[in-house]
Amino acid sequence: MVDRDLVASKLGELAEHVARVRTRRVATAEDLRRDRDALDLVAFNLMLAVQAWADVASHVLAQA
């Protein structure tokens, strides 16, 4: 059985990481490349968002 609380928690994490990426939006990729701190924050939060999504998928598939 799928643990709805776990899925909800992971989706909340996913939303939080995407929101953090959105706070660092810039006009161009070049602007982001020049701001190493913003680039690191974006890359790290995208990695964490992908991991949260993979956790959800893994949990759901394991219950199928």
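The values are calculated or read from the model by the stated rules, or taken from the named source; none is laboratory data. Quick caveat: nothing in here was measured; it's all calculated off a predicted structure. With ideal geometry, Cβ positions are generated from the backbone for all residues, glycine too; neighbour counts draw on all protein chains shown. Side chains are part of the model used for accessible areas, which takes the heavy atoms of the whole protein and leaves out ligands, DNA and RNA. Shrake-Rupley method; radii C 1.70, N 1.55, O 1.52, S 1.80 Å.
When you restrict to C-alpha pairs under 8 Å that are six or more residues apart and normalise by the size of the chain, the relative contact order lands at 51 percent. Computed per residue of the chain from DSSP H runs no shorter than four, each worth -39500 (n - 2.57), the mean residue ellipticity at 222 nm is -28000 deg cm²/dmol. Entry comment: accessible area of the chain is 76 Å² per residue, from protein heavy atoms only and a probe of 1.4 Å.
The label-point distance for Val7 and Thr23, in a model that sets each label 7 Å from Cα toward Cβ, rounds to 2.9 nm. Rounded to the nearest 10 degrees, the inclination of helix 4-22 to the longest alpha-carbon principal axis of the chain is 10 degrees.
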